[in-house]
Amino acid sequence: MQTDQWHFARPKLAAGYLQLFGLGLSSARTLFARRRMGKTEFLLKDLVPAACAAGYLCAYVNLWDDDDEPAGALVGALYAAIEPNWWTKLARHAKRPLKRIKATGKISAFGEASVEAEMSEEDKQFVGTLLSEALKAFDAQPRPMLLIIDEAQVLAAATHSNFAHALRAGLDVRKDRLKVIFAGSSESTLRTMFGRSSEPFFNWAPLEPFPLLGRDFLEFMVEKVNTIATHQLSVKHAVKAFEQLNSTPEFFRRFLERHLTYPFDGPDAALQFTKEHVFNSDQFKRQWICLLPADRALLGMMAQGMVTDFHGQAAREQLGKLLGLPKAPPMNTPAHSLRRLQTDNIVTKLAHGEYRFEDEAFSQWIREQDILGDDSVS
């Protein structure tokens, strides 16, 4: 299999997770990190190969690929890992058409594949039966399995509650041989999914931040760049770019691409170009326009880091000024706003009164618009 020369391998981190599972004290972990932080790349290029080498069957599914029918995507991933001829057996067993059972194989364990089929509305309940059959197929073979559910917060939607309950029940009785990594980009939704007593996966897996990339990643990338670049890139310039791009690996890769494409412009020009394209996207503008004035004002205050207690008198007075009100709004105004922003996965609640942007790039974009210096919130 062709290797990615730009991939920064993290074998010790992968081995650490597998060691935890091997000790038998834990059967599941939940990892969260903002988008573009290298989480999915680690799962596919480090953890899966290490698990396969350790004798695990590996099933990976990204629920964002099929967020309207995650049950079908997950069942398909399970079958693809367990049964070499899974689709033929599944279609024969189903006896009637399926609206969409989809598996996208991005793992060397089962190659590249994409399969879709049609399923009638009445067959949605049948997916639970398919899950049961897939787990029985797992029981019939001797190897342990590592199931990786990426963007797992999709399962927290009320429309998927029945399947989430069935999935937990199936996993509960197989903890000794079936290990699970839940991963996601919405910290607030994951905290609800695993921390609220009414949720199917309440207290089922510990929630922890995904270890982010740092200086060792930068030094690795700089060394790679300097083996092919006419104009050498210093670690100093790399650190500066990484910090100004909110320590986001995907944005840093764009900076490197620009530097390699236009080396005579220099790293500062490459950084400026990258920042203009990353922090001034049309997506942020569209997102901003769709927000209510109170939500915009609150996000502006949050981006500037000027408030710690959004329910306090001082914060509400500032909010009232931004909204052009003669006095501070009532306490439920910021409460409703924060609730909307959490529901839309724009901010996440870390602790009482402490909130953070889900996407730091959006925060940076807001800061650069000087939201609090004009009338953009109204």
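Below are the figures for this structure:
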| read-out | value |
| --- | --- |
| Segment Val173-Asn332, extension gain: residue separation times 0.36 nm, minus the distance between their alpha carbons | 52.8 nm |
| Test item: Cα-centred dipole of region 1-65, Lys/Arg +1 and Asp/Glu -1 on Cβ, debye | 280 debye |
| Placed amide H near Glu358: partners under 5 Å, 5+ positions off or other chain | Val347, Thr348 |
| Karplus (6.51, -1.76, 1.60) ³J(HN,Hα), θ = phi - 60°, over region 254-260, in Hz, Gly and Pro reported as x | 5, 4, 4, 4, 5, 4, 6 |
| Computed accessible area, Glu354, all protein chains, 1.4 angstrom probe, square angstrom | 90 Å² |
| Label point at Asp265 placed 7 Å out along Cα→Cβ; residues across region 210-236 whose backbone nitrogen lies under 13 Å | none |
| Accessible carbon and sulfur surface of region 178-222 relative to its total accessible area, %, 1.4 Å | 49 percent |
| Cβ crowding within 10 Å averaged over residues, with 234-247, 320-333 ranked highest first | 234-247, 320-333 |
| Accessible-area composition of region 286-352, carbon plus sulfur, in percent [1.4 Å probe] | 56 percent |
| Separation in nanometres of the label points that stand 7 Å from Cα toward Cβ, at Leu207 and Glu219 | 3.5 nm |
| Whole-angstrom gap from region 288-363 to region 197-263, using each part's C-alpha centre | 29 Å |
| Asn345 paired with Leu25, simple spin-label distance in nm, labels 7 Å along Cα-to-beta-carbon | 3.3 nm |
| Per residue, in Å², the accessible surface of region 244-292 once ligands and nucleic acids are set aside, probe 1.4 Å | 54 Å² |
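The values are calculated or read from the model by the stated rules, or taken from the named source; none is laboratory data. The structure displayed is predicted, hence computed values, not measured ones. A quick note on method: Cβ atoms are made from the backbone with ideal geometry, for glycine too, and the neighbour counts reach across all protein chains shown. Accessible surface is based on the protein model in full, side chains and every heavy atom, while ligands, DNA and RNA are left aside. Shrake-Rupley method; radii C 1.70, N 1.55, O 1.52, S 1.80 Å.
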